[in-house]
Amino acid sequence: MDVVVFGAGSLGSLVGGLCAREHDVTLVGRDPHISAVRESGLRVTGAVEFTVEPDARTTVPDRADLALVTVKSFDTPTAARALTDCAPAVVCSLQNGLGNEERLARSHDTVLAGTCTYGARLDGPGRVACTGIGEVVVGDPDGGPSAAAERVGGALRAANIDVQVSPRMARRRWEKLAVNAGINPVTALAGVANGALADGPLHGVATAAARETARVARENDIDLDERDAVATLESVVETTAENHSSMLQDVRADNRTEVDAINGAVVARTDEPAPVNRTLARLVRGLTA
Ligand code: KPL
């Protein structure tokens, strides 16, 4: 299968590298990373170790069967536009936050929702570390069975990626949102790896954000129990204990964060107070102002 990964940052490079063990992969990203991959291949270290030689470009190729979108949520409009050039049969978002699939669906017919809890860190041009084996979940954004999701699930499984096809993606997206709403801002503010949220006061703040997100999910007709949201957060903290969250990596690199698509999205989807997410969003915005 011809797979294009749009967004060769840490997660995109890891997922693209894993896929390249089985499929013809094109990584689309920025230099100097892309030039390094073109010259010497992509070295994956950490929980899995191998080198692959995917195609690597700064613009999309002529065609693709599947596009995996891994850019930050604020770059989704750019991805949607650029991917029209290779007209992929299926576009699958593996991004944080809400609203990405809706944006992609404005210019693509078959769009899947996806979540990914693998931990990834770019160690330099051409080098990515897998800092936690998580799982990928894909499915139709509106729920129900999906032949496209089954095909994508099969393709990722063939590349030895732990993947589930879910008929309840709306709930899964909110569950992942609860995980990100807790882990990302707290690790970014405290400057710690995900594992530091396993207990103590940081665990208290992260789980409060996850519980509040579950409450807002239910206000939006998503059946997400607070205990399930907290249990999923705790399990991701454990499996990605060594990982620095994407928001911590962004703050350290002085890059724009996804706080608006994560904690900001929770606040925006309720008419009731959401003090934990609101406070975390304000504090993170203050870090990068
Ligand atoms: O999605 C992530 C992120 O860092 O954005 C998790 C799963 C929390 C891994 O760190």
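At-a-glance table
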item	result
Entirely in segment 84-201, the strands (runs of 3 or more DSSP E) that have 3 or more residues that are in contact with a Leu (Cβ under 7 Å, 6 or more places away or on another chain)	90-93, 111-116, 136-139
Which listed residue, of Val138, Val186, Val165, is at negative phi, of a type in the set (A, V, I, L, M) and without any contact (Cβ under 8 Å) to a residue 40 or more places away in the chain	Val165
Qualifying positions in segment 9-42 - away from the ligand (no atom under 16 Å from the Cβ), small (Gly, Ala, Ser) and open to solvent by less than 10 Å² (accessible area, probe 1.4 Å)	Gly16, Gly17, Gly41
Verdict on Thr45 being among the β-branched types (Val, Ile, Thr), surrounded by fewer than 17 Cβ atoms within 10 Å (Cβ to Cβ) and farther than 21 Å from Gln95 by Cα	yes
Qualifying residue in segment 250-262 (condition: acidic (Asp, Glu), within 13 Å of Thr187 (Cα to Cα) and touching a residue at least 24 places away in the same chain (Cβ under 8 Å))	yes
Flag if Asp250 is touching an Asp or Glu at 6+ places or on another chain (Cβ under 8 Å), open to solvent by 30 Å² or more (accessible area, probe 1.4 Å) and assigned to a helix (DSSP H, G or I)	no
Conditions (1) open to solvent by less than 50 Å² (accessible area, probe 1.4 Å); (2) assigned to a helix (DSSP H, G or I); number of the one not met by Arg282	(1)
Flag for Ala82 being open to solvent by 40 Å² or more (accessible area, probe 1.4 Å) and not assigned by the TED database to the domain that holds His244	no
Residues of segment 195-233 that turn out to be within 16 Å of the ligand (Cβ to nearest atom), of a type outside the set (A, V, I, L, M) and farther than 17 Å from Arg172 by Cβ, as a count	3
Residues of segment 111-126 satisfying the condition of being surrounded by 19 or more Cβ atoms within 10 Å (Cβ to Cβ) and away from the ligand (no atom under 15 Å from the Cβ)	Val111, Leu112, Gly126
Whichever residue in segment 234-246 is in a loop (DSSP other than H, G, I, E, B) and open to solvent by less than 50 Å² (accessible area, probe 1.4 Å) and, among such residues, is farthest from the ligand (Cβ to nearest atom)	Ala241
Scan of segment 1-57 for residues that are in a helix (DSSP H, G or I) and of a type in the set (D, E, K, R), ordered by number	Arg38, Glu39
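Here's the yes/no breakdown for (1) basic (Lys, Arg); (2) assigned by the TED database to the domain that holds Ser235; (3) modelled with pLDDT of 95 or more:
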| position | (1), (2), (3) |
| --- | --- |
| Cys116 | no, no, yes |
| Ile133 | no, no, no |
| Ser146 | no, no, yes |
| Arg173 | yes, yes, yes |
| Lys176 | yes, yes, yes |
| Val179 | no, yes, yes |
| Asp199 | no, yes, yes |
| Gly204 | no, yes, yes |
| Arg218 | yes, yes, yes |
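The values are calculated or read from the model by the stated rules, or taken from the named source; none is laboratory data. Remember, it's a predicted structure, so these values are computed and weren't measured experimentally. Cβ coordinates were reconstructed from backbone atoms using ideal geometry, including for glycine residues, and neighbour counts include every protein chain displayed. Please note that ligands, DNA and RNA were not included when accessible areas were found on the heavy atoms of the full protein model with its side chains. Shrake-Rupley method; radii C 1.70, N 1.55, O 1.52, S 1.80 Å.
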